[in-house]
Each structure stands twice: as C-alpha cells, then as structure tokens.
Amino acid sequence: MGPEAASGKGRVAAYTVNHQQWIPGFEPPYLVAMIELADEPDVRIVSNVVGVDPDQVAIGQEVEVWFEQWDDVWLPLFRPVKGESA
C-alpha cells in the first residue's frame, strides 16, 4: 500500500446547497458535495464545488479538482469540467 497519482477527475454523487454562513470566508450560498473519484469510484471525498452557480450543479456532473491555499494548507475543491453543464 502506498500513494498513487490520481487524475483529479470525478462526478458529483450527492450535494447540498448551504444558505447559512457557518465558516468565515464561505459566503452563502455554497455547495458541499460528495465527489466520486473517476480513478476509483468506490472512493468518495466530501468537498465544495466552486466556480459555478448552485443551480448549475447536478448529480452525475463531471468535475475536476482545483486546489486553494488557506494559510499553509491546500484544500482540494472541485469545479465543473470545462464545457460540462448540468
């Protein structure tokens, strides 16, 4: 067992739109989603979908990872694959 490179691609398996500001810096509305990884569909990660209007997200939509730095931590966020729409 060891680390392995991944494509960074996935699909939205489930999501919710949060309208309450729970975390400073996360202005509502924002999406919290369960992402099914393309390389290993049994592996899912909970993250945010960014760069898209909440009404434009759908179950099964293809997304790709995008990393955002917060202090000394890089957060894996997801955004729709270019050209993909709900």
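The numbers here are math on the coordinates, done by the rules we state, and not lab data. What you are looking at is a predicted structure, and each value in this text was computed from that prediction instead of being measured. Ideal geometry is used to build each Cβ from the backbone, glycine not excepted, and the neighbour counts take in all protein chains shown.
For residue 38, enumerate residues with amide H under 5 Å from its amide H, sequence gap 5+ or separate chain, H modeled in the peptide plane.
Here the answer is 9, 10, 11, since their amide H atoms fall under 5 Å of that of residue 38.
At 7 Å along the Cα-to-beta-carbon direction for both residue 32 and residue 59, put a label point, then send me their distance in nm to one decimal.
Once both label points are built, they end up 1.9 nm from each other.
Can you give me the long-range amide H partners of residue 30? Hydrogens built in the peptide plane at 1.01 Å from N, cutoff under 5 Å, separation of 5 or more residues or another chain.
Result for residue 30 returns 18.
Considering the values (1) 11.4; (2) 6.4; (3) 7.6, which represents mean projected area of the Cα convex hull in nm² as calculated for the structure under consideration?
Entry (2).
Near the amide H of residue 50, under 5 Å away, which other amide H atoms are found, from residues 5 or more places off or on another chain, if H is placed in the peptide plane?
Residues meeting the amide H criterion: 78, 79.
Given Cβ point charges of +1 (Lys, Arg) and -1 (Asp, Glu) and nothing else, what value in debye, to the nearest 20, does the dipole of the chain about its Cα centre take?
Magnitude of the dipole: close to 160 debye.
Quote the FRET efficiency, to the nearest 0.05, computed for residue 17 versus residue 72 with a Förster distance R0 of 25 Å and r equal to the Cβ-Cβ distance.
So, using R0 = 25 Å, E works out to roughly 0.25.
Ordered by residue, what ³J(HN,Hα) values in Hz, to whole numbers, does region 19-25 give under the Karplus form 6.51 cos²θ - 1.76 cosθ + 1.60, where θ = phi - 60° and Gly and Pro are x?
Values per residue, Gly and Pro as x: 9, 9, 7, 9, 10, x, x Hz.
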